1. Looking at 50, 36, can you tell me which residue is at positive phi and in the same structural domain as residue 139 (by TED's automatic domain parsing)?
2. What number of residues within the stretch 246-258 are in a loop (DSSP other than H, G, I, E, B) and exposed (fewer than 14 other Cβ atoms within 10 Å of the Cβ)?
3. May I ask you to verify whether residue 283 is touching a strand residue (DSSP E or B) at 6+ places or on another chain (Cβ under 6 Å), on the phi > 0 side of the Ramachandran plot and surrounded by fewer than 19 Cβ atoms within 10 Å (Cβ to Cβ)?
4. Could you list, in sequence order, all residues of the stretch 1-25 that are closer than 12 Å to residue 231 by Cβ and in contact with a helix residue (DSSP H, G or I) (Cβ under 8 Å, 6 or more places away or on another chain)?
5. Being under 30 Å from the mean Cα position of the chain (by Cα) and surrounded by fewer than 18 Cβ atoms within 10 Å (Cβ to Cβ): is that true of residue 227 here?
6. Considering only residues that are assigned to a loop (DSSP other than H, G, I, E, B) and modelled with pLDDT of 95 or more, look in the stretch 183-199 and name the one that is surrounded by the fewest Cβ atoms within 10 Å (Cβ to Cβ).
7. Is it true that some residue in the stretch 42-50 is at pLDDT 95 or above and surrounded by fewer than 16 Cβ atoms within 10 Å (Cβ to Cβ)?
8. What helices (runs of 4 or more DSSP H) completely inside the stretch 34-147 contain at least 2 residues that are closer than 30 Å to residue 349 by Cβ and within 19 Å of the chain's Cα centre (by Cα)?
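The values are calculated or read from the model by the stated rules, or taken from the named source; none is laboratory data. Bear in mind the structure is a predicted one, so any value in this text is a computation, not a measurement. Neighbour counts are summed over all protein chains in view; Cβ atoms, including those assigned to glycine, are modelled from backbone coordinates with ideal geometry.
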């Protein structure tokens, strides 16, 4: 059996969720969109349900998968509904729903709902992706109240640059939010992962841990709370071949690496078809036989090459950690000029094995 696999530590997941609660003192929706950022939404929800205040997903398809698996905790649809005919399913499955556009508000007012639904009313405070304009926010709140179709209204927005701790944009967004919610009596939710960890001034009765839930820091620099995160996923495989090469020999497609001296090369059963970033360059760190080493040459679909020259204890069958508790996903992402969000979400083919449940 091919040795590539992703080990998912559910105890670390629970630790990171609890950290979000402890840092903020707020209720927390664990964000499980995109199959829990590649970690497996159903298993992650099952591991968290006893302690979580609820979950958040991108769309109704993701919510229905959780409901079909027996998850009964609240689930928020972060993008709301895309068609008005989703509203009966939202009612039937007792889902919470973001309203980020006036057409969605119109649809709720016109719908014949079996019972009121909980609405999270989203304000565009400056990210300019989705959300109501500040000039429409108060009237939208009043319309929802008057409709009798909202059992509860939570006010929310989303930060564009909270991962930049010295950027004034987040404070500007907070000011827009505070001005728009004057005289509106409702709970609020502003803080995503970087805001949970780095922006204590942001008001939030509810927080929405996403990336931090999986143990990766959203910041490029060290941060006091992020230092307590525990990586949840360890992507690993084994050395399936060893080559002794003289100086001047090319390694892999395109001869992107030429041996500068006699070298010992390990071939690992891992490639971009498993979700390892194809653009990770020579020098990207790996851990082999318990010792840090590096990637050599271009990543292939199913294999990649690593340096065993200074790791004499490594050989055929040695375990290789591509990212995890020793080689942080953020470090790999930085070398590959991407972000840990993307490399987690790109996981495929490598089976997930769970522990700590």
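1. Result: 36 is the single residue among 50, 36 that is at positive phi and in the same structural domain as residue 139 (by TED's automatic domain parsing).
2. 3
3. yes
4. 8, 13, 16
5. So residue 227 passes the test.
6. Ranking the candidates gives 184 first.
7. yes
8. Passing ranges, in order: 41-48, 60-68.
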